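First up is the structure itself, then whatever we jot down about it.
The values are calculated or read from the model by the stated rules, or taken from the named source; none is laboratory data. Small disclaimer: the values here were computed from a predicted structure and weren't measured. Cβ coordinates were reconstructed from backbone atoms using ideal geometry, including for glycine residues, and neighbour counts include every protein chain displayed. Areas reflect the complete protein model, heavy atoms only, side chains present, ligands, DNA and RNA absent. Shrake-Rupley method; radii C 1.70, N 1.55, O 1.52, S 1.80 Å.
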Amino acid sequence: MSVWDDVVGQPDAVAVLRRAATDPAAMTHAWLLTGPPGSGRSVAARAFAAALQCTGSDGETGGCGRCRACTTTLAGTHPDLTVVATDKVVITIDEVRDLIMTASRTPSSGRYRVIVVEDADRMAERTTNVLLKAIEEPPPHTVWVLCAPSAQDVLPTIRSRCRGVVLRVPPAQDVADLLVRRDGIDPAVALTAARAAQSHVGLARRLARDADARERRDAVLEIARRIRGVGDAVLAAGELVDVAKAEAVAATAERDAVEKAELMRALGVQEGDTLPPRLRSQLKQLEDDQKRRATRRQRDVLDRSMVDLLSLYRDVLVVQLGAAVDLVNAEHDGAVRALAADSTPEQTIRRMDAIGVARERLEGNVAPLLALEAMTVALRPQG
């Protein structure tokens, strides 16, 4: 057993991080882990943090996976580990200032104070500039581990002060093997889920364990066959947005209610009482944070739907070009071949481009329904 067991398909990255954890000459104070969604950036960051804190077991150091330091770090409960994994649109400047204060403290029990920022690309330029000094000249026992999809997603001033480690998309079979080993998933189901998730470990695990998630994905892929005209396209866009809103509400409603109840108790307000005017700003701040979290969730659901559609048209293009590669959506072989027969490779590429443009618009805060309608209209048969 090792802390690196769940970092699948990343032998080169693991070798670099493992060596840094055991060899002071290979260690540095700031790291930037990059890789596409699903490559395991956050898993690698936590494994690295555990390896840095590892006190060793049976003579093994650098992430034995059995000592208390390893297990508490992987669980996120080690006192000298701080992880920022925002579920809002951006990481705020106040959150970063809190991080800097934390980073300045001496480790209480571990070898290092490790600060992991899982979504470094969600910091605005002003926020990143606040972080710059802390990364450039950290205390001797503080280590920063930033994660982002690519080095270009963080400011040049930040990446120039970090050592970069690039992760790749792991092979689907490696992800499937992890699901079988860790979650006891049937090998055939695990491989199908890993391919459908395009090797995104978290999504593959959800697809393998949740039949409803598989049904929702199938419904998204079915949209490609249902769109025959502009009317169908508009209805399909509305359906995608409604489903994303519903999933966002379902995912956040219970947490929102708990947070509100905890805040009211902290403020000394009983259930049913009127909130005094002087305390309303604190409630409004919480509600604003919750709205941002729901917005992020909705965008993530919509983006996942578009990635699924992209995978379908990728398969269509594979069939049209006669490429000797496996289909991502092998279980939808009939639909893929029907779409391939009804269009040309050029049309398929235009459809993929339209999906890519919609993703960019959504990230640029365009109204989701407008972005999705433009996309679905472009997916209709062109004759």
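Provide the packing ranking of 116-123, 65-72, i.e. peptides ordered by the mean count of other C-beta atoms within 10 Å per residue, highest first. Show your work: numbers first, answer last.
On the way: 116-123: 22.8, 65-72: 19.1.
Put in order of decreasing packing, that is 116-123, 65-72.
If you take every DSSP beta bridge fully contained in the chain, what fraction is antiparallel? Give it as a percent rounded to 5. Can you show the working numbers first?
Values: 1 of 20 bridges.
Among the beta bridges of the chain, antiparallel pairing accounts for roughly 5 percent.
Of all the accessible heavy-atom surface of the chain, with the other protein chains kept in place and a 1.4 Å probe, what percent is carbon and sulfur?
Heavy-atom surface of the chain belonging to carbon and sulfur, 1.4 Å probe: 52 percent.
Hey, of (1) 5, 24, 33, 24, 10, 3, 1, 0; (2) 4, 18, 20, 10, 6, 9, 13, 12, 6, 2, 0; (3) 5, 19, 27, 26, 16, 6, 1, which did the structure itself give for P(r) over Cα pairs in 10 Å bins from 0, in percent when calculated?
After the calculation, the listed value that fits is (3).
Using the heavy atoms of the protein chains and a 1.4 angstrom probe, tell me the accessible area per residue for segment 148-219 in square angstrom. Mind showing how you got there, number by number?
On the way: 3670 Å² over 72 residues.
The answer is 51 Å² per residue.
Enter the Cα centre distance for the pair segment 230-274 and segment 367-383, rounded to the nearest angstrom.
If we compute the Cα centre of each part, the gap is 27 Å.
According to a simple spin-label model (label point 7 Å from Cα along Cα-to-Cβ), what is the distance in nm between residue 370 and residue 129?
3.0 nm
Quick check: residue separation of residue 209 and residue 289 times 0.36 nm, minus the Cα distance between them. What number comes out in nm? Show your work: numbers first, answer last.
On the way: separation 80, 0.36 × 80 = 28.80 nm, distance 3.02 nm.
Gain on stretching residue 209 to residue 289: 25.8 nm.
Given a Förster distance of 25 Å, report the FRET efficiency between residue 258 and residue 108 from their Cβ-Cβ distance, rounded to the nearest 0.05. Working shown, then result.
On the way: r = 29 Å, r/R0 = 1.15.
Calculated value: 0.30.
Expressed as a whole number of Å, what is the distance separating the alpha-carbon centroids of segment 114-176 and segment 285-344?
Answer, in whole Å: 28.
Let me have the 222 nm mean residue ellipticity of the chain computed from DSSP H runs of 4+ only, each contributing -39500 (n - 2.57), with the sum over all residues rounded to the nearest 500. Write down the numbers at each step before the final one.
Working: 15 runs with 226 residues, N = 383.
Theoretical 222 nm ellipticity from helices: -19500 deg cm²/dmol.
Arrange the peptides 7-13, 209-215 so that the one whose residues have, on average, the most other Cβ atoms within 10 Å appears first.
Details: 7-13: 20.7, 209-215: 12.9.
My ranking of the peptides, most packed first, is 7-13, 209-215.
So how do 239-250, 324-335, 300-311 stack up, highest first, on mean other-Cβ count within 10 Å?
Details: 239-250: 16.6, 324-335: 14.3, 300-311: 19.8.
In decreasing order of mean packing, 239-250, 324-335, 300-311 become 300-311, 239-250, 324-335.
Given the chain, what count of lysine pairs have C-alpha atoms under 24 Å apart, with each pair 8 or more places apart or on different chains?
Step by step, the pairs that qualify in the chain add up to 9.
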